[in-house]
Amino acid sequence: MLNLDEILRYLRATDEETLSELWARADTVRRECVGDAVHLRGLIEISNFCQANCAYCGIRAGNPLPVRYRMEISEILQQVKLAEKLGYGTVVLQAGESPGRLPAAWVTELLCAIREISSQAVTLSLGERPEKDYAAWRDAGANRYLLRFETGNAELFAKIHPGHPGLETRLLALKMLRSLGYELGSGIMIGIPGESWEDLAADILRFHSLNLDMIGVGPFLPHAQTPLGKQFIEKMVASQVPNDEMTTLKVIALTRLVRPYANIPSTTALATINMSGGYELGLSRGANIIMPNVTPAKYRELYEIYPAKTRTADAAEIFDQNLKKRILALGRKIGTGAGNSVNFSCYTDSKSDAR
Ligand code: SAH
């Protein structure tokens with residue numbers, strides 16, 4: 001496996017030769033380990049209520065939003081059906097962090113309702129919760145959990161998560177999820193103000209030590225209505241990791257090299273900084289997943305974690321048609337089935353199967 005110095009060398013590289021070598025290595029490992037299928041996961045943003053104050057995020061509690069919403073269970077089921085109709089083997093339920101507005105029992109009821117109509121894999125992305133909530137949801141049929149650690153630099157983590165007990169707590173949550181039998185996803189934002197190349201290299205190695213099944217990385221996108229967004233816009237720090245496309249692609253490629261069997265999305269954040277070809281570039285440099293947004297338009301515009309996200313808000317069906325054409329044009333295939341983690345099935349029991 002790559003060591004820290006090799007990762008740093010690739011991260012800092014600007015010459016064509018080193019870069020071509022990195023892209024080729026990542027694409028080869030991707031093809032050999034997870035194949036040509038691109039699995040599509042339908043993202044449903046079920047609620048923007050949030051009591052956290054993440055300094056980068058547009059739906060943070062401190063940001064006055066015109067409307068806070070929680071979708072009705074019946075509305076969510078409609079979108080699950082839509083995702084199934086489009087052939088997506090997985091739905092991802094994402095929300096702000098609000099145990100008050102998203103009680104554990106309500107999520108359990110939702111999961112049971114989904115299980116009645118669909119055998120798609122269900123991924124949750126509902127932030128940090130007590131272990132008993134994670135356990136109840138796993139029992140109710142949730143298969144996977146996404147919870148990024150955002151940065152492994154504990155000082156920086158504390159700075160961008162005011163009121164949060166700290167990085168260790170986030171890492172503990174990941175451990176809990178793993179021991180409950182979830183397929184585990186995490187990841188980082190790239191180019192957080194104050195992030196160094198060494199931080200970034202260590203994060204990539206951490207993807208391996210955390211034994212992650214799914215790894216999502218995307219550029220930090222400054223949101224003008226957030227403290228970190230304002231700081232970024234006012235004062236760019238020269239000696240730090242840029243939040244650009246090249247760095248994101250390098251991280252995707254390096255992530256593939258340290259986690260050959262992981263499911264790695266070409267993220268919406270990457271597609272936001274390159275609307276015409278971001279998805280393709282990610283897929284060509286190690287990624288094998290795309291997460292099309294199937295949130296109804298009226299809610300999607302209220303879930304603005306970063307700006308410009310809503311500009312890609314085509315109707316799900318139109319977006320889907322274009323996306324599939326773009327994937328096929330790359331010579332890749334559209335994944336079928338749940339697209340479970342290959343890595344995961346190697347070391348857990350049959351409970352891990354998508355139910
Ligand atoms: N509340 C859930 C979901 C958060 S949104 C949770 O805490 O897990 C999902 C991801 O979007 C976050 O983990 C973060 O990495 C990313 N994100 C949020 N704001 C962003 C921004 N301004 N730029 C780039 N990515 C952002």
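Yes/no matrix, rows are residues, columns are (1) in contact (Cβ under 8 Å) with a residue 12 or more places away in the chain; (2) within 25 Å of Leu257 (Cβ to Cβ); (3) small (Gly, Ala, Ser):
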position	(1), (2), (3)
Glu168	yes, no, no
Leu184	yes, yes, no
Ala202	yes, yes, yes
Leu212	yes, yes, no
Ile215	yes, yes, no
Gln231	yes, no, no
(message) With the structure loaded, tell me whether Met1 is within 24 Å of the chain's Cα centre (by Cα), closer than 29 Å to Leu228 by Cα and in contact (Cβ under 8 Å) with a residue 60 or more places away in the chain or whether it fails that test.
(response) no
(message) Among the residues of the range 210-226, what is the count of those that are within 12 Å of the ligand (Cβ to nearest atom), more than 20 Å from Leu302 (Cβ to Cβ) and either assigned to a loop (DSSP other than H, G, I, E, B) or of a type outside the set (Val, Ile, Thr) (or both)?
(response) 4
(request) Report whether or not Glu280 is farther than 21 Å from Ala13 by Cβ and surrounded by fewer than 21 Cβ atoms within 10 Å (Cβ to Cβ). (result) yes
(request) Go over the candidates Glu32, Glu97, Glu116, Glu131 one by one and state the one that is over 30 Å from Pro260 (Cα atoms) and surrounded by fewer than 16 Cβ atoms within 10 Å (Cβ to Cβ). (result) Glu116
(request) Out of Leu102, Leu82, report the one residue that is of a type outside the set (Asp, Glu), away from the ligand (no atom under 11 Å from the Cβ) and open to solvent by less than 50 Å² (accessible area, probe 1.4 Å). (result) Leu82
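Among the residues of the range 164-205, write down those that are aliphatic (A, V, I, L, M), in a strand (DSSP E or B) and open to solvent by less than 10 Å² (accessible area, probe 1.4 Å).
Leu184, Ile188, Ile190
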(request) Kindly provide the set of residues from the range 134-149 that are assigned to a strand (DSSP E or B) and open to solvent by 20 Å² or more (accessible area, probe 1.4 Å), ordered by number. (result) Leu146
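The values are calculated or read from the model by the stated rules, or taken from the named source; none is laboratory data. Keep in mind that what you see is a predicted model, and the values were worked out from it rather than measured. Every residue, glycine as well, gets a Cβ built from its backbone with ideal geometry; the counts of neighbours run over all protein chains shown. Remember, those area values only see protein heavy atoms, side chains included, never the ligands or the DNA or RNA. Shrake-Rupley method; radii C 1.70, N 1.55, O 1.52, S 1.80 Å.
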